[in-house]
Structures are given as structure tokens and as C-alpha cells.
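Heads up, the thing below is written out as C-alpha cells.
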Amino acid sequence: MSRIPSLVAVVLCSMTLAVPAVRAQNFDSFVSRVESRLGIHRTRIPGMGFLVNTVVAVKRPAGAGSMKIAIFDEDSGLRGVRSEAFQDAVKAELGSNWKPMVEVRSKRKGEAVTAYIRLSSSSCEMVVATSEHEEGTIIQMKLDGRKMMEWLAENTGLRERERPDIQ
């Protein structure tokens, strides 16, 4: 009988320790699905993730907690992939719980930027997908919801009654 509480403790501890790994895999699996859909692969830049997250940890822009980046270029197989196809693949693989917040497209230049947001009661996640002729980037940021709303209020004129309820 005394084994059950210790077994539960071991399971809970292992689940708690596994959560960061699962969250890290979410971005990687999402990017892998975009890669599979388009037949491309991201460009690996050694040390890029460490550098970006070090800057984010020190500066904390708009309450950012972490940032992940996937970069694609003509060597990644993006040659011949239309900007719209890249954006459509990102949208399809994100799923319905991500909502588009900003979308800018230039048909003349073949460029597109779309920012998606996913809100929870205490946090905010954002994915930004940029694409142009033979280049594409996907960035995921985890943000402090309150600081993000403060930043939006200061920079967009978002009124108090229009703000979502973030604890």
C-alpha cells in the first residue's frame, strides 16, 4: 500500500520534468509538418537558438519568455515554392486554436507576413511566418500575457474594455 503514493510521486515528478521537452517538441513537430507538406527542410544554424534565447532571457522584450526560429532559403528546397503556399502550409499545420492577428501580403513583391496568436488564461503564444521569393521564416514566441496586453495598449491604442481577460 505504501508503494502507491511513492509511485504517484514518481509519475508526477516525471510528468513535470517532461513538460518542457513536450513543449519544445511542439514547435519542432509543427515545423516538421510544414516541411513535409512542402517538401522542404529548414536551414540549420548552429548556436542560433542559444543566442536568441540568451538575448530574450536578458532583455525580456514585451514579456517574451522564449523564442524558437526555423529559417528556410533556396538551399532548403524553397526554390519554386510560392510565398502563398508557404503561408498556407503554416496556417494549415497550426490548427484552429491559433488565430491570425496580423496579415500583410504584397502580390507585387511576392512577400507575406502573418502573425498568429494563441491565448490562455495567463500566457500568450505567437507564431510569425514570413515568406518571400526563396526565403521563409517561422518564429514562435512565448509571452507574458499581461505584459503583451500592456504593450498592445501602449502601441496600438487598445482600450481597456477591448482587452481580452488575461490574468
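Remarks
- Residue within segment 132-141 that is touching a helix residue (DSSP H, G or I) at 6+ places or on another chain (Cβ under 8 Å), open to solvent by 70 Å² or more (accessible area, probe 1.4 Å), assigned to a loop (DSSP other than H, G, I, E, B) and of a type outside the set (Val, Ile, Thr) present: yes
- Selection count, segment 88-109, where residues are charged (D, E, K, R), closer than 18 Å to PHE30 by Cβ and assigned to a strand (DSSP E or B): 1
- Number of residues in segment 53-74 that are among the charged types (D, E, K, R) and at pLDDT below 80: the value is 2.
- Meets criteria (part of a loop (DSSP other than H, G, I, E, B) and either modelled with pLDDT under 85 or in contact with a helix residue (DSSP H, G or I) (Cβ under 6 Å, 6 or more places away or on another chain) (or both)) for LEU78: yes
- Per this entry, GLY47 is not counted among residues that are touching a helix residue (DSSP H, G or I) at 6+ places or on another chain (Cβ under 6 Å) and either modelled with pLDDT under 85 or among the acidic types (Asp, Glu) (or both).
- Considered as a group, the residues in segment 110-124 that are assigned to a strand (DSSP E or B) and open to solvent by 30 Å² or more (accessible area, probe 1.4 Å) include one that is modelled with the highest pLDDT, and that residue is VAL113.
- Only one of GLU84, GLU93, GLU103 that is of a type in the set (D, E, K, R), at pLDDT 85 or above and buried (at least 16 other Cβ atoms within 10 Å of the Cβ): GLU93
The values are calculated or read from the model by the stated rules, or taken from the named source; none is laboratory data. Computed from a predicted model, the values in this text were never measured in an experiment. Don't worry about glycine lacking a Cβ; one is built from the backbone with ideal geometry, like all the others, and counts go over all protein chains shown. Surface accessibility is based on the protein's heavy atoms, side chains included, excluding ligands, DNA and RNA. Shrake-Rupley method; radii C 1.70, N 1.55, O 1.52, S 1.80 Å.
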